[in-house]
Amino acid sequence: MPEYDNLKIPLGFRRRFEEINKKHNLGYTTYPEFVKDAMRRRFEEIEASYREKG
């Protein structure tokens with residue numbers, strides 16, 4: 001079972017997510033789901049960038 005951590009994220013980010021998710025029907029069911037996906041994608045971008053640099 002994974003361990004978890006709590007983060008304090010500006011409330012404006014959550015409001016912006018809720019507006020965009022609703023407006024564009026992104027398919028996220030929860031804010032934490034979106035945050036985890038955003039972090040996962042950013043990690044992949046960073047790792048890919050370093051692989052390209054060799």
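Of the listed values [x] 40, 29, 22; [y] 45, 44, 9; [z] 44, 23, 18, identify the label whose number matches Cα extents along the principal axes in Å calculated from this model. Given [x] 40, 29, 22; [y] 45, 44, 9; [z] 44, 23, 18, the structure-derived one carries the label [x].
Placing +1 on the Cβ of every Lys and Arg and -1 on the Cβ of every Asp and Glu, with no other charges, gives the chain a dipole of roughly 260 debye about its Cα centre.
Look at the dipole of the chain built from charges on Cβ: of Met39, Tyr4, Thr29, the Cα furthest out on the positive end belongs to Thr29. Aspartates and glutamates near Lys22 by alpha-carbon distance under 18 Å, same-chain residues fewer than 8 away left out - which ones? Of all the aspartates and glutamates, those that pass the test against Lys22 - Cα under 18 Å, at least 8 places apart if same chain - are Glu33, Asp37.
None of the figures in this text is laboratory data; all of them are computed from the coordinates on show. Every value quoted in this text rests on a predicted model; they were computed, and no experiment measured them. All Cβ positions, glycine included, derive from the backbone under ideal geometry; neighbour counts span all protein chains shown.
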